[in-house]
Amino acid sequence: MAENTDFARLLEAVEEPKWLTSLRLTAYEQFMKMEWPTPKEEEWRRTDITGIDFASFKQPDFMRGKGIESRLRGKNQHEDDVPGISVRSLCRGSYGEGDSLRRILYGQMNSFDNRLIAWNCAMFDRGAYVVVPEGYQGEEVVYLTVFAEEGGYYTLPRIVVEARRNSRATVVVSFVDGSKSEGQSLVNGGIDVSVGEDARLKLYVIQNVSANTLFFGNGSMEVARGGHLESFESHFGGSLVKTRLTCSLDGEGSEAYLRGAYFPTGKQHMDIRTVQKHRSGHTNSRLFYKGAVKDSGRAVYQGLIEVFEGAEKTDAYLTDKNLILNDGARADSIPTLKIRNNDVRCRHGSTTGKINEDELYYLETRGIERREAERMLVAGFFNEVTEVTEVTEVTEEAGTKGSADVAGKGVAAEVASLVESRI
Amino acid sequence: MNKNDSTYLRIEGLKAGIDGREILRGVNLEISQGEVHALMGPNGSGKSTLANVLMGHPAYELYEGRVMLGDINVLELPVHERARIGLFLAFQYPVSITGVTVGKFLKRAVEARAENPEDMDVSSFFEKLEETMEFLEIDPRFVGRYLNNGFSGGEKKRMEIAQMLLLEPKFAILDETDSGLDIDALKVVSRGINRLRGPDFGSLIITHYQRILNYVKPDRVHVMYDGRIVASGREELVTKLEERGYEWLKDERVLENIRK
Ligand SMILES: Nc1ncnc2c1ncn2[C@@H]1O[C@H](COP(=O)(O)OP(=O)(O)O)[C@@H](O)[C@H]1O
Ligand SMILES: [Mg+2]
């Protein structure tokens with residue numbers, strides 16, 4: 001890891017806005033002062049990283065790594081006077097002081113509470129900045145693929161998605177790396193999402209790095225007045241996965257539908273945290289996560305609903321379900337509420353169980369072999385979180401087929417095949 | 001299948017139970033393909049246990065006896081193979097399966113039952129599915145719904161019958177399929193059973209009530225009491241039971257009389 005002066009020199013060589021360099025340097029100072037998290041902190045109680053030698057990971061050629069690949073797919077059916085979605089490099093653009101990117105990053109890069117986040121803020125070395133322009137109602141879908149460096153390196157990607165006022169868009173982010181086995185790699189990523197007033201954003205994240213990579217992630221999503229966010233995150237890769245996704249309902253009447261899936265097998269350890277922050281009144285959040293554990297896999301899910309003082313008439317919901325596929329696999333689910341307002345409706349729950357024997361028997365009585373019946377049930381277990389959009393649309397729209405968005409269906413299919421390959 | 005191939009389901013001296021407790025205490029019963037039998041009896045007499053032992057529910061222990069389908073002892077087969085050779089159970093309480101749609105499930109079940117799954121024609125399967133659902137007055141949108149998830153009692157029972165029609169079993173056991181159905185649903189369900197009636201289909205209709213038997217005329221009626229078939233007869237037996245109730249069976253002399 002670079003020393004202070006080295007780091008400043010590195011930054012000099014980079015063509016990025018001055019304000020960004022100074023944000024990085026501030027973050028770097030914090031980074032140098034902080035310690036790596038330890039199991040003494042509640043959030044890290046079940047995931048001990050004190051044995052990880054972070055200094056042993058090599059620094060990739062700064063700003064010259066594989067970067068993030070982006071593709072736009074689908075028709076751009078917007079009005080002539082509305083520009084299309086733009087995807088730019090986060091590190092090389094010429095963003096001014098007044099640019100909204102500065103506002104978004106400023107908020108995130110000054111409020112970290114652990115050293116991993118500080119590390120990414122200071123040194124993110126590849127990034128994408130997606131802007132959905134005000135009023136955009138086109139059909140384009142943004143696909144971002146983040147490539148992690150292989151063979152003993154660390155990768156610090158950062159993605160910013162900004163859906164401006166009254167826009168509508170879908171973004172799909174995949175984290176992948178090759179399967180070079182020499183040395184363990186590390187990914188420490190960040191995603192910042194801003195959903196503007198009355199905007200609608202769908203964000204899908206599929207994390208499938210190789211099975212011996214360490215994966216850390218921090219996502220922060222803010223929804224303004226009347227905004228609507230649907231997010232889906234899924235974790236399949238990584239020997240150790242530790243993530244936090246915070247959704248902050250900042251504006252009156254904003255809504256979030258958060259879904260997630262995780263499936264540690266072998267010796268994988270995944271610790272997934274979500275935070276639903278209700279900062280304003282009449283806000284609505286629905287969270288539905290599911291995990292399965294197999295072999296000696298271990299899953300930890302920690303979910304927090306936090307309702308702030310002024311957030312009256314808040315409606316928050318959180319449920320996490322876990323499926324344990326064999327003895328020796330383990331899942332812990334810890335939902336928590338922190339409520340500072342009486343006029344709210346909050347419900348949370350979690351379940352952990354095995355495959356239902358009666359369901360297995362039922363499928364077997366229809367001629368389906370036990371192994372296949374198990375597979376169908378595990379796949380079905382996850383379908384409930386991947387197909388959600390599709391199912392509600394089908395029932396609401398009197399059975400019209402093909403109404404679910406193409407991106408969502410694609411993600412559901414990809415997740416289904418990842419699930420099936422591990423059962 | 002021609003007449004000579006037609007077979008029978010024969011239960012011979014079947015004793016089975018749970019955790020060492022005998023529930024079926026020596027059941028003997030034979031159904032020929034082409035026949036519909038009714039099995040009546042008070043709650044707790046062992047009717048569902050019999051149905052589940054025939055299908056191979058893992059919770060039940062087998063103590064004695066065998067169940068022959070032609071020359072195969074079905075009790076030696078794993079559950080899915082019993083289905084594949086043509087046994088079917090319509091459940092008293094069908095489970096719901098989240099995440100597995102009716103369409104996907106039925107397609108897999110029909111493939112499993114087909115002798116050569118590779119030959120199965122997907123489009124003709126969906127045609128048949130659509131036709132079956134229409135016949136049973138099931139909303140076609142149910143194909144895309146998760147199996148039995150949020151279905152009413154009656155909808156679940158229709159779904160059981162739909163499966164039976166698609167799988168075309170040699171022998172179907174219907175466990176209280178009529179319970180909890182209103183008269184319209186009962187007619188639909190009966191229509192489904194009657195549709196399969198013929199030389200290649202045998203069935204055992206487990207019921208509490210005469211009602212369904214007005215629509216599906218049984219060739220033979222059996223009464224189970226305390227883990228045994230205590231009486232067998234023709235349709236008139238149903239009327240007698242209906243008149244006098246199961247209490248009537250507690251009297252050993254009555255049983256003696258019926259047996260004569
Ligand atoms: N899975 C089971 N576990 C424990 N007891 C059972 C189970 N299944 C059946 N029994 C018992 O066996 C007897 C017969 O039950 P059942 O076969 O359901 O009767 P019926 O279907 O005729 O009402 C009852 O005493 C019931 O409590
Ligand atoms: Mg019963």
(message) With away from chain A (no Cβ under 14 Å) and within 30 Å of residue B:234 (Cα to Cα) as the only criterion, which of B:76, B:35 stands out?
(response) B:35
(request) List the helices (runs of 4 or more DSSP H) that sit entirely inside the stretch B:140-216 and contain at least 1 residues that are within 24 Å of residue B:236 (Cα to Cα), within 16 Å of ligand 2 (Cβ to nearest atom) and touching a residue at least 12 places away in the same chain (Cβ under 8 Å). (result) B:211-215
(request) Could you figure out which of (1) open to solvent by less than 70 Å² (accessible area, probe 1.4 Å); (2) assigned to a helix (DSSP H, G or I); (3) free of Cβ contacts under 8 Å to residues at least 60 places away in the same chain isn't true of residue B:54? (result) (3)
(request) Could you tell me which of the residues B:67, B:100, B:79 is within 22 Å of residue A:416 (Cα to Cα) and crowded, with 16+ Cβ neighbours inside 10 Å? (result) B:100
(request) May I ask you to say which residue of B:24, B:14, B:54, B:29 is near ligand 1 (Cβ under 9 Å from one of its atoms) and either within 14 Å of chain A (Cβ to nearest Cβ) or at pLDDT 95 or above (or both)? (result) B:24
(request) Name the single residue, out of those in the stretch B:82-94 being in a strand (DSSP E or B) and within 9 Å of chain A (Cβ to nearest Cβ), that is surrounded by the most Cβ atoms within 10 Å (Cβ to Cβ). (result) B:89
(message) Between B:101, B:132, which is of a type in the set (Ser, Thr, Tyr) and under 30 Å from residue A:321 (Cβ atoms)?
(response) B:101
(request) Report, by residue number, each residue of the stretch B:18-45 that is within 14 Å of ligand 2 (Cβ to nearest atom), over 16 Å from residue B:177 (Cα atoms) and either outside any strand (DSSP E or B) or without any contact (Cβ under 8 Å) to a residue 12 or more places away in the chain (or both). (result) B:44, B:45
(request) Say whether the condition of being within 13 Å of chain A (Cβ to nearest Cβ) and in contact with a Gly (Cβ under 6 Å, 6 or more places away or on another chain) is met by at least one residue in the stretch B:149-161. (result) no
(message) Six or more apart or on different chains, Cβ atoms under 7 Å: show the pairs whose first residue is in the stretch A:12-25 and in contact (Cβ under 8 Å) with a residue 24 or more places away in the chain and under 14 Å from residue A:109 (Cβ atoms) and whose second is assigned to a helix (DSSP H, G or I) and open to solvent by 10 Å² or more (accessible area, probe 1.4 Å).
(response) A:19/A:102; A:23/A:106; A:25/A:8
(request) For residues that are in a strand (DSSP E or B), more than 19 Å from residue A:72 (Cβ to Cβ) and of a type in the set (S, T, N, Q), tally how many sit in the stretch A:123-182. (result) 1
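The values are calculated or read from the model by the stated rules, or taken from the named source; none is laboratory data. Predicted model, so just to flag it, every value in this text is computed and none were measured. For neighbour counting, all protein chains shown are included, and Cβ atoms are generated from backbone atoms with ideal geometry for every residue, glycine included. Each accessible area value is taken on the protein alone, full model and side chains, heavy atoms only, with ligands, DNA and RNA left out. Shrake-Rupley method; radii C 1.70, N 1.55, O 1.52, S 1.80 Å.
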